[in-house]
Amino acid sequence: MSDFKVYSDIARMMPSPAMPKPAAQPAQPGGGFGKLLNEAIQQVNDVEKGSQGELQKFLSNESDLHSVMIALEKADLSFQTMMQVRNKIVQAYQEIMKSQV
Amino acid sequence: MNLLTALDVNASGLTAQRKRVEVSSSNLANSQTTRTEEGGPYRRKDVVFQTSSFQESLGAAMGNGVEGVEVSDIVNDPRPFDRRYEPGHPDADKDGYVSYPNVNVMEEMANLVEASRSYEANIAAIGIVKTMINRTLDLGR
Amino acid sequence: MINPTDGPLFPALEDLLSWTSKRQQALAANVANMDTPGYRAKDYSFEQELASIDLASTSSKHITPTEDSASARMYDVNTKAKPNGNNVDLEREMTEITKNGLQYITLVQYLNQKIRTLRTAITDGGKV
């Protein structure tokens, strides 16, 4: 079921052992995390564009109301997922920061 | 959008039936009118229903021409007037006969009842589509 | 990455909703034209599409009603014609409209459940 997939994917986002020194780059997560976050944001962006396109089609009478609603919900769910991923990443990063003193 | 088009289709039904009722009411109101502006008694009128295509409002998305309805014409009923012998009447002809409108009150009442039934059916269909649209708008909440 | 709405379920539901709302048009036309002389009642049949939807499969095959597929599915309702050539049976149409509306609303309910479950999984699932 897709909720389990969400769980397992979030779990996979947890920190990997290879981390850059925090002193060197305190403000940025390492390449692995940054890339992951970028991908997530990109995907959310695409789904967001999709829902905008769907709305435009609806306004010019080419699409159905239910298609627009589904697209809106998809965009929202994608966004929520991305936020959770981001939270997990930030959490993990903070834990690492704490443990390397 | 499909559902909105369905609403338009039923709305055209409402308009057509309303016109039918108007014409029928006019017939009833004038069932005794022996003198009109054009001269002669009132002649019964009838509506002609015809399908009306909805292609224009939908662009390419449609294509198979779901049709609404429209009143394409209002025609005169060609049946003969009702001639009655009333020699004292101001509109009597030289033989003493007055021509009364060719309106049959019973027929007209039956017409009104049918129009009302059709009107209600369109209203019911619209109600169901409204519910469908409202439930769709609540998706995700 | 993850998109929680991937998979065959959402497109399938969307298609079913499209078909159901398309059918509503034909039924509406029948009611609007119930007194039009010579009008023949129409309907869509998509039992075939319904049967071909396999919610357990992994492909996201779309069966959205296009122009061609829609007219291919249209059929004449086989009811007796009145003297003026019109064969609309009002009872049949109202029954079908009610059933069609119910089908649509049920689909929306189901879809809504899925969305809410996903949302719960995403937002609460993050908590330990």
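The values are calculated or read from the model by the stated rules, or taken from the named source; none is laboratory data. Quick caveat, the model's predicted, so the values are computed rather than measured. Positions of Cβ are backbone-derived with ideal geometry, glycine not excepted, and every protein chain shown enters the neighbour counts.
Descriptive notes on the structure:
- If you check C:105, C:97 for being surrounded by 15 or more Cβ atoms within 10 Å (Cβ to Cβ), at pLDDT 90 or above and more than 14 Å from chain A (Cβ to nearest Cβ), only one passes: C:97.
- Residues (closer than 13 Å to residue B:113 by Cβ, touching a Phe, Trp or Tyr at 6+ places or on another chain (Cβ under 9 Å) and buried (at least 19 other Cβ atoms within 10 Å of the Cβ)) located in region B:12-29: B:17, B:20
- Qualifying residues in region A:45-60 (those that are at the interface with another protein chain (Cβ under 9 Å from one of its Cβ atoms) and surrounded by 15 or more Cβ atoms within 10 Å (Cβ to Cβ)) - the one farthest from residue C:21 (Cα to Cα): A:47
- Members of region A:75-84 found to be of a type outside the set (A, V, I, L, M) and facing chain B (nearest Cβ under 10 Å), listed by number: A:76
- Here the condition is being over 30 Å from residue A:90 (Cα atoms), modelled with pLDDT under 85, part of a helix (DSSP H, G or I) and within 14 Å of chain A (Cβ to nearest Cβ); of C:51, C:56, C:70, it holds for C:70 alone.
- Residue A:97 falls short on exactly one of the conditions (1) exposed (fewer than 15 other Cβ atoms within 10 Å of the Cβ); (2) within 25 Å of residue B:7 (Cα to Cα), and that condition is (2).
- Checking A:67, A:99, A:60, A:78 one by one, the residue that is closer than 19 Å to residue C:4 by Cβ and over 17 Å from the mean Cα position of the chain (by Cα) is A:67 and no other.
- Residue among B:69, B:105 that is exposed (fewer than 13 other Cβ atoms within 10 Å of the Cβ) and either touching a residue at least 24 places away in the same chain (Cβ under 8 Å) or within 10 Å of chain C (Cβ to nearest Cβ) (or both): B:105
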